[in-house]
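A short write-up of the structure that comes next.
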Ligand SMILES: C[S@@+](CC[C@H](N)C(=O)[O-])C[C@H]1O[C@@H](n2cnc3c(N)ncnc32)[C@H](O)[C@@H]1O
């Protein structure tokens with residue numbers, strides 16, 4: 001649900017992007033004809049924070065599904081240690097090219113690589129290339145109707161203690177409380193939210209910001225109940 005306008009304005013000024021590379025992104029992306037569907041700065045800050053928490057005492061390996069122009073990628077990459085690496089998956093060449101340029105401007109080109117592929121092709125390939133239980137954080141923001149498959153195929157990649165984050169857990173041009181069957185995206189998110197909320201192998205929360213951010217952390221063996 002949208003916040004009231006004064007509260008939104010307060011948050012927008014409190015949590016504004018910290019520097020020009022991020023602050024100038026919306027205008028440059030608009031000028032290049034990219035759709036205005038990147039995460040908001042307050043979600044960007046959450047991504048940075050979660051990337052930091054997921055990579056404490058680790059070299060740092062993260063995956064993103066749905067790069068667009070590299071805006072969320074630059075928040076995640078800033079939360080990684082200097083040794084860290086983000087692989088972001090994007091099949092649209094125009095988006096991927098813009099993202100590479102944006103990441104160069106932001107000084108993050110050495111920390112982020114773009115995998116030009118669809119998410120459903122990339123996940124099995126990444127599992128083969130990186131190995132199971134290798135990834136600290138998986139952020140999904142591509143095709144909403146495919147989210148349950150992103151969890152199914154992405155889960156083997158996550159290390160115990162790793163984080164799975166899903167944008168639009170509450171909605172975008174649909175809403176989670178719309179009737180079942182009204183949209184494939186709504187139904188997919190309703191299924192994923194319910195599956196993760198009742199899965200004893202993860203600790204799950206849903207941050208009810210503008211469009212909802214689902215957060216699930218894979219339990220370690222010591223945390224998993226017998
Ligand atoms: C919502 S945008 C991503 C926004 C980005 N995460 C951000 O916040 O800056 C979704 C992106 O997914 C890409 N996409 C479309 N089909 C895809 C697929 N099958 N697999 C992966 N990405 C896809 C689109 O081209 C688009 O760039």
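Note on the range 49-154: percent of Cα-Cα distances in each 10 Å bin, starting at 0 and stopping at the bin with the largest distance, equals 16, 50, 32, 2. Label sites at residue 134 and residue 207, each approximated as a point 7 angstrom past Cα along Cα to Cβ, lie 2.8 nm apart. By DSSP, the beta bridges lying fully in the chain are antiparallel in about 40 percent of cases.
With neighbours defined as other Cβ atoms within 10 Å of a residue's Cβ, the residues 61, 189 order from fewest to most as 61, 189. From largest to smallest, the equivalent ellipsoid semi-axes obtained for the range 78-211 from the alpha-carbon gyration tensor read 26, 19, 14 Å. Footprinting exposure proxy ranking of 118, 220, fewest other C-beta atoms within 10 angstrom first, gives 220, 118.
Ranked for footprinting exposure by Cβ neighbours inside 10 Å, fewest first, 30, 217, 128, 52 give 128, 30, 52, 217.
Our summary gives the range 39-218 a relative contact order of 18 percent, counting only alpha carbon pairs under 8 angstrom and 6 or more residues apart. Our helix-only sum for the chain, with -39,500 (n - 2.57) per DSSP H run of n ≥ 4 divided by its residues, gives a mean residue ellipticity at 222 nm of -11500 deg cm²/dmol. By the gyration tensor of its Cα atoms, with a ≥ b ≥ c the square roots of the eigenvalues, what is the shape of the chain: rounded for a/c under 1.5, prolate for a/b over b/c, or oblate? Verdict is rounded for the chain. A simple spin-label model places pseudo-atoms 7 Å from Cα toward Cβ; at residue 31 and residue 117 they are separated by 3.4 nm.
Overall form of the range 105-149: oblate. Here a/c, set by the Cα gyration tensor axes a ≥ b ≥ c, is 1.5 or more, and a/b is not larger than b/c.
Look at the Cα gyration tensor of the range 9-98: its axes a ≥ b ≥ c give a/c of at least 1.5 with a/b at or below b/c, and that counts as oblate.
The range 98-146 and the range 168-204 have their alpha-carbon centroids 23 Å apart. Of all DSSP-defined beta bridges confined to the range 74-198, some 10% are antiparallel rather than parallel.
Taken together, the values in this text are just the output of simple stated rules run on the coordinates, not laboratory data. In this text, all values refer to a predicted model and were calculated from it rather than measured experimentally. Counting neighbours? That spans all protein chains shown, and the Cβs are built from the backbone with ideal geometry, glycine included.
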